[in-house]
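The values are calculated or read from the model by the stated rules, or taken from the named source; none is laboratory data. Please read these numbers as outputs of a predicted model, since none were measured by experiment. Methodologically, a virtual Cβ is constructed for each residue, glycine included, from the backbone with ideal geometry; neighbour enumeration extends over all protein chains shown.
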Amino acid sequence: MLRCLLLTLSFAAPLALGAFAAEDAPPPPPQPDPRAGVEEEPAAKLDEPAIRRKFMLAFTSAEKPEAKADAVYILKGMREKDSLKLLTGLLGDSLPTVRRNACRVMSETPDAEGYFVKPLTAALYDRNYMVRASAADALSSAKVKEAAVKALVFALTETAQEGVKLASYAHTLDDTLSKLTGKQFGKTDDLKKLAQWWNEFWTQNGKSLAQADEAYLRKLSGKPDDPAEKTGDEAKTGSDEKSPAPAESKTGALKTSAEKTPGKPKVEDE
């Protein structure tokens, strides 16, 4: 009888312990999502003609300047050439808030081919300094860099001549150049010294930036590499023809727009 009782307990104990352990055991780890690693389907193509019509209705019917400026954001993310032309055309609007928002929308709109670079570099000389700063900020994400860096160095050289009253804008230009090139010279209150540093950088690196842009755009368009770049003198000659060195003033600095044009634009307040 005792032997039977012991046998019964020997079988029951593991079962009881197993049940207890099952109650206190931690939950099993979460299973991996079977969708992990699977690329999402591309977003549906936007009906850009309809969006442009929506923008034009909101823009032209706006009764207040704030509403007109806010309408610019309707164009964010557009890709068709007609949409890009419409957006860059807003840089000529009479309202500085519209021009500034146009720069901001460009900074948030994909621009692999550098379509925005030229109009944004022109906006670096806008008569409103808030627009200038927004244009500089938008250029910080430019994919086609040579023209952007050149224009920013020109603008910084000119701004440094104005002295401390434009120090904030000068440092905005400096920050943009650092983002574009990965080069940092450190902070200084001597704006002319800062401009000199970037002039020297441009002199040493302008040609290589132009070559990098050419290679990038060829790759983007699917064209083969240019064999001229793989040979010494031929590559140098070809590069010189496509990207001439910047003009220099008598002091050796890059010529600014003030030296090349008969006057500066009148500056307006916000």
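Within the set Asp189, Asp233, Asp175, Asp225, the sole residue that is assigned to a helix (DSSP H, G or I), modelled with pLDDT of 50 or more and acidic (Asp, Glu) turns out to be Asp175. Taking Asp82 as the residue in question, decide whether it is under 30 Å from Ala212 (Cα atoms), assigned to a helix (DSSP H, G or I), of a type in the set (Asp, Glu) and touching a residue at least 24 places away in the same chain (Cβ under 8 Å). Yes, satisfied. Restricting attention to the range 193-205, does a residue exist that is in contact (Cβ under 8 Å) with a residue 24 or more places away in the chain, part of a helix (DSSP H, G or I), among the charged types (D, E, K, R) and surrounded by fewer than 21 Cβ atoms within 10 Å (Cβ to Cβ)? Taking every residue of the range 193-205 in turn, none turns out to be in contact (Cβ under 8 Å) with a residue 24 or more places away in the chain, part of a helix (DSSP H, G or I), among the charged types (D, E, K, R) and surrounded by fewer than 21 Cβ atoms within 10 Å (Cβ to Cβ).
Summed over the range 148-186, residues that are of a type in the set (D, E, K, R), exposed (fewer than 15 other Cβ atoms within 10 Å of the Cβ) and farther than 20 Å from Tyr129 by Cβ total 1.
Could you check the range 94-121 and list, in sequence order, the residues that are part of a helix (DSSP H, G or I), of a type in the set (Gly, Ala, Ser) and within 17 Å of Leu180 (Cβ to Cβ)? Of everything in the range 94-121, just one residue is part of a helix (DSSP H, G or I), of a type in the set (Gly, Ala, Ser) and within 17 Å of Leu180 (Cβ to Cβ), namely Ser107.
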